[in-house]
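To keep things clear, I will list the structure first and then write my remarks on it.
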Amino acid sequence: MSTIYILWLRQIKRYLRSRARIIGSLGQPLLFLVALGFGFGPIYQKAGGGNYIDFLAPGIISMSILFTAMFSGIEIIWDRQFGFLKETLVAPVSRFKIMIGRTLGGATVAILQGVIVFVISLFIGFHPNNLALFPLSLVFMFLIALLFTAFGTAIASILEDMQGFQLIMNFVLMPIFFLSGALFPLQGMPKSLVMVASLNPLSYGVDGLRGTLVNGSHFGLFTDFMVLGVVTLVIMIIGSYLFSKIQV
């Protein structure tokens, strides 16, 4: 447990020391909230959807967690190139514990990023229906963060080139985000698009946050929790296996 705790704490300290990283990672969520929230808000309201920022904010929080979690995998490639990963892997501890520690650290960082975006959205005009359910929202944030940190770790474990990782992440990230229902309601959408969204694990994370924050769940909170839990467990197992096969 000490190894897991040390690696978890190291990830958090690395994040907190990088003020530029914290500020820079807030630019895209803030742009989406302001540009889309106020730009499409009147149209969404005229269509009978209500306050678009209330609908949009859970999706943007999920986006912030998604991007932060996935790109935490870059640190594996970075540590491999500079030798820190080799020093960690030759230590007399299992690679499974190393992977768990790094994943929990990356997930915690992603949750912190999501909470920051949540606070910013309150100032922009987001009105959660029931703050008493916010602890449950944190559970969904944790599952999203854990799932995609493990996914990023799995991909980084089979790559050695940082540029290749970024290209793959862009190829994977954008479809995951845009096909999750983060920006548009799934009700009334073409069945093909709803089917694609149903196969996207982020859809259940977005839906879970929307259900706990604004009572707008499409799939149901129990379904959201179960799907995210099962997919997270599977990806964690795959990520642990791939990480155990890293050659340094």
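Taken together, the values in this text are just the output of simple stated rules run on the coordinates, not laboratory data. Keep in mind the model is a prediction, meaning the values are calculated, not measured. Cβ placement follows ideal geometry from the backbone for every residue including glycine, while neighbour counts extend to all protein chains displayed.
Protection proxy ranking for 145-156, 107-118, 36-47, 231-242, using the average of other Cβ atoms within 10 Å per residue and placing the highest first: 145-156, 107-118, 231-242, 36-47.
Backbone phi angles across the stretch 25-40, fed through the Karplus curve with coefficients 6.51, -1.76 and 1.60 (θ = phi - 60°), yield HN-Hα couplings of 6, 8, x, 5, x, 5, 4, 5, 5, 6, 5, 7, x, 8, x, 9 Hz in residue order; Gly and Pro are listed as x. Between Ile124 and Leu199, the C-beta separation translates, for a Förster distance of 35 Å, into a calculated FRET efficiency of about 0.65. How many nm separate the modelled label positions at Met174 and Ile116, each set 7 Å beyond the Cα in the direction of the Cβ? Those two pseudo-labels are separated by 2.5 nm. The listed peptides 218-228, 48-58, 121-131, ordered by packing as a protection proxy, come out as 48-58, 218-228, 121-131 (highest mean of other Cβ atoms within 10 Å first). Counting 0.36 nm for each residue step from Gln163 to Phe222 and taking away their Cα separation leaves a gain of 17.4 nm.
Go ahead and collect, in residue order, the members of the stretch 135-175 whose backbone nitrogen is under 17 Å from a label point 7 Å along the Cα-Cβ direction of Tyr241. The answer is 150-159, whose backbone nitrogens lie closer than 17 Å to the label point.
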